[in-house]
Each structure stands twice: as C-alpha cells, then as structure tokens.
1. State the antiparallel share, in %, of DSSP beta bridges confined to the chain, rounding to the nearest 5.
2. Report, in debye and to the nearest 20, how large the dipole of the stretch 68-199 comes out about its Cα centre when Lys and Arg carry +1 and Asp and Glu carry -1 on their Cβ.
3. Rounded to the nearest Å, what's the spacing between the alpha carbon centres of the stretch 75-147 and the stretch 382-458? Just the number, please.
4. Where a ≥ b ≥ c are the square roots of the eigenvalues of the C-alpha gyration tensor, would you call the stretch 214-420 rounded, which needs a/c under 1.5, or, failing that, prolate if a/b is larger than b/c, or oblate?
5. Where a ≥ b ≥ c are the square roots of the eigenvalues of the C-alpha gyration tensor, would you call the stretch 346-490 rounded, which needs a/c under 1.5, or, failing that, prolate if a/b is larger than b/c, or oblate?
6. Quick check: convex hull over the Cα atoms of the stretch 68-199, volume per residue in Å³, rounded to an integer?
7. Placing one identical point scatterer on every Cα of the stretch 59-145 and ignoring solvent, what is log10 I(q)/I(0) from the Debye formula at q = 0.14, 0.16, 0.20, 0.24 Å⁻¹?
8. For a protection proxy built on the mean count of beta-carbon atoms within 10 angstrom, sort 118-129, 296-307, 195-206 highest first, please.
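Computed from the coordinates by the stated procedures, all read-outs in this text should not be read as laboratory data. Note that this is a predicted model, so its numbers are computed, not measured. FYI the Cβ positions are ideal-geometry reconstructions off the backbone, even for glycines, and counts take in every protein chain you see.
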Amino acid sequence: MAVNRRSMLIGTAAGTGLFTLGLAGLRAADGSGGGAPVARGEAFPKLPIGFNLAGIADWEPGFPFRNLFWGARPWQTRNLSGSGPQNTKTHESFQFDDDGYPLQVPVAAPGQTEPQTVFTYVPNCRKPGIYTLLYDGEGEIDGLASTKIIGRKPGRVKFRMAHVQDQYEAIVIKRSKLGNHVRNIRLVAEADENVDLVAEPFLPEFLDFCRPFHCLRFMDWAQINNSTDEHWAGRKRPTFYTMVGVPGDPEATYAPAPTPFQMKFAGGVAIEIMIQLCNMLKIDAWFCVPHRATDDYIAQFAKLVREKLDPGLKVYLEYSNEVWNWMFTQAGWMIRSPLAGALVEAKGGKAWKDGSKKEGSNHPERIGALLRRMFAIWEREWTGDDRKRLIRVGAVQAGWLDASQRTIRWCLDNGGVDAISPAAYIGPSDAIRKKWSTLGAALTPESVIEDIMGELQALRMGSSFTQTVDFGKRHGLTYVAYEAGQHIQPEGQREHPYNPALAAAQKHPRMYDLYIELLRLNRDLGCTLFAHFSSVGRQGTRWGSWGAKATYDTPNSESPKMRALIDCNSPRA
C-alpha cells in the first residue's frame, strides 16, 4: 500500500488517555496537578544517539560545507544578454568535463538567436556579506539575482551576497575558453579564502553540531531515495563541482527517464567526503547502498570504506531506504526487478504472480534477498577484525509486523543480519488529524503535544513497532532505529487552519518532555542507536519539521528537541 515516508509508526489508540508523561513525572492531561511533576525515576534515559544528516540543497539551513558551490544546482542555460526565458534548456549544445564544468561558453544552440551561457543557483542560507569565488582556467563569471559583483581579477571574483530566505543567489559563467576552460570553482566566505578546502571542507559550526553524537547516517547526503546510481564509474567524485544529487526514474515507470545531462548528477555527496567527516570526528558511519547498484559498485564501495575509514570506527550498512515505501522508485524497481525475482527463486521462493514474470509478488522476501546479496558482497571484503566493525542493518517497516518478520527471516535463513531497524517515529493517528481538522485554528500547541504524548503511551502499551523490536531481540539481533523523532505533519502535507499550532509545538517546552519519553521508551526497548531524523532543518513547514533545530546558531534554549537529545545522549567511548 502507499505509505507516507514519515508515517511508519502507527498509533494503536486514538485519544490522549488520562495522563501524560513529562520529564521525570506524571501530569494530568488537562495540565492540572499543582505544577511539580511526581517523581518517577531517572530524568534522563541515556542511550547512544546519532543523526541523519540533512540533504544538500541551496535552501537547506543545514548546509554543511565552506564551499557554497558544493550546494549548486545542475547548470541551467540562458541567453548571453540575459534576455528571454529564465532557462532556455539548451544543455545538449554544451560539452562538459568529468567534473561537470562546460568546456566552452558561450555556445551556439539550434533554434536560439543568441549565444548560450550557463548559470546555477547556490545556497542562500549562510550569513550575508562578502564572498570570494576562486576558479582555474580562463573566463568571465558574474552574479545573478541577489549575488552582486564588487570586484574581479583573473581567477578571483568578489561578491556581496544577501543570504535572505526566498531570495536567490546565483552565479553565471558568461565566458569560458576552450582548451583552458573555467573549472575548480570554489565560493567561500571572505574569511575562508585561504582555507585548505581539501583538508577542511566542513563548516566549524557543522562539526560542532555533529561532534557529541555516536553515528552519522548519510541517506540524504547520498540522494538514496529515487537514486539513479548504478555503475561505480559513474558515481559522484570529490572533484565534481556540486555535491547535490538529482533523483530520477531510469525505467521511466512513473516519469520520463533522466537525460544524459541529468545522469551526470547521479548520487549526492561523494563517499570520500562522508568518510573524511567520520574520520575527522571519530564518529561511526551509516551508509546506504543505492538500490540499482551493480555487484561491482557494491564491492568497490566496500573496498573504499575498508581502505579509507578509520579502523577504530564501525559501519552500519543498509540497503537503499524504505524499499517497501511505494512513494519511492526503489519500491517499484524492487517489485519488478528480475534480479530480486531470480534471487528469491534460487532459494525456492515464489517471486512472481504468474509465469509471465512481469508482476512481482512477496515483496518482503524480495527485500530480504536484496539485503543478503549486498551483505554477502561486503562480507567478502570485510573479513577478520574488519568484520567485527560491520553492522548489517535489516531496516523494516514498523507498521507492518508480518512483512518485517518475513524480511528478517529471509536474512536469518540465508547468511545473517546483525540488527533489526524499524523507524522510531511518533506522530498523529488518523483520529487525531480528524480532531485537529475539527478544531482548525482553535487548536493549540499544548493540545498537539498532549495528543502526541497519548500516542506515545499507546505505542508503549503494545504496537507493531514494539513487537517488531521484540521479534528481532528473540532472534539475537540488536535494535537500532534508522530514523526517529517526532512526525508531526498536517494531513496530506497541505495547508490547514491548524498548521500554526503544529509549527508552534516544535518550540513548545513540552516538546522537550515528549522527546524525553520517546527516548525513554527506546532506551527501555534496548535501542543501541537512535538515529534522529534530521539534523538541522526548517521548522513549521507543511512538509514537516524534521530538524532537531532550525539553524546551527539557534540557541538550544529555543530548540527543545535538540536539548532533549543532548541530555539523553550517552557519553561516547
């Protein structure tokens, strides 16, 4: 069935119940009780906490790099004079080097009366001020939108950038000489002009954010959802001009197949950059392997991590992301995949609805078979002491116990798995969303928290989620949460009169209490890693409020989710 990507946890009871758990105490649901909570044991349930790092995009406040050009979008094209359409879509008239830079600008294009140039949008989420653009080669670069040029000389351009939300920052290559084309573009704050970006690519505030935690999951960094990555030779390299990935549907099942130009942006951040971050901070890595990856891709991935990652660090290994979630192309690919079908049939299983082998069946077994294929390839590369550092993660659907059990059983019967991993989200049930719709603008953030706290207590009393964790533990598996946290979204991710209350709830003091109790539940279930979704991100949007805080410099006093995660994070060894 179609499932919202952040709705894996389904509450088993509508309504809030009689009581709501708060920090180290019990409060009546109506807020009565005289103020001080009743003592109920330790205030801070300790467990290892990790983070899903926010995806790389020019509008994301969690952008982590000193070089803003690593957040650039794929090139768009325009007339040299700047007149006409915003994007003339003439990419096919340009030739690009292996790092994505055009070999010559401007160029003539069929059907166009003017020479064509390239431009791109860059992050607008940093501090306003003076920025320096450095480049190799011969050419002319200018600013667009809010990016204003204030000085230039060969290889170096100065810009004043506004960095205001909803205002674009953009760079245009107006001229690039064939034979010595513009390349190796770096766009940095004036103070970072002399920083060695190879050795120090990350913003200090980003490193400080990550430093206390146990593991970093790179799912969004790698553009895993709807990934087009397949062959190792086509993967993103650290020298590519942007670390932004472009999703797609190469089978053209749901949308037109990506063009050759779009395929240049397969994958997101280069794996070497992920490894470098973990090595710098001595933090364990969680890698997701693209669903379309060939055997050679998977083997080369395993070798690269084994050779480059600090030998004192662990690796959590996951196949794609939510392969059962039909809103992603990886789910449709999985159910139709001849590879998955052959893997299941090779073990005597049924993988197709009929002899035509066009419509797949038994998706839990298909997922299990794909997991084991990936695990087996890594196991051949990670032997001896290295094998002890590899944690093979069986990510499963928290809201569907039978499917989760079947996937894990397949792994157990065909070579093994180390951890069971449902998502540990807490959010509104359909009944609660109906209640919110009835209240409309009268809904208060206090009521939002009370409603979700009730769902949390129902979850503790018994659910597919807790049964899934128990199933894994009974089979000797550890429990890790690949994603976790609040899942407070409006129905259909649309604008509703009650949305302001959902936004206000994110900063409400009781959100801290809600997180403490969610962490307590996971501690009590024996969770060995709680990977919060997500790190830093916009708050109060109709798409959700996934970040633990809104920006790196938002005080923790204004970020109750972040405060709870810090207070409950167990010390790193």
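1. Values: 44 of 75 bridges.
Percentage antiparallel, nearest 5: 60.
2. Dipole of the stretch 68-199, to the nearest 20 debye: 400 debye.
3. 43 Å
4. Working: a/c = 1.92, a/b = 1.20, b/c = 1.60.
It comes out oblate by the Cα gyration axes.
5. Working: a/c = 2.87, a/b = 1.77, b/c = 1.63.
Taking the square roots of the gyration eigenvalues as a ≥ b ≥ c, the stretch 346-490 is prolate.
6. Details: hull volume 14.3 nm³, N = 132.
Per residue, the Cα convex hull of the stretch 68-199 comes to 109 Å³.
7. Summing over Cα pairs of the stretch 59-145 leads to -0.57, -0.73, -1.05, -1.32.
8. On the way: 118-129: 20.5, 296-307: 17.8, 195-206: 14.0.
Highest to lowest by the protection proxy: 118-129, 296-307, 195-206.
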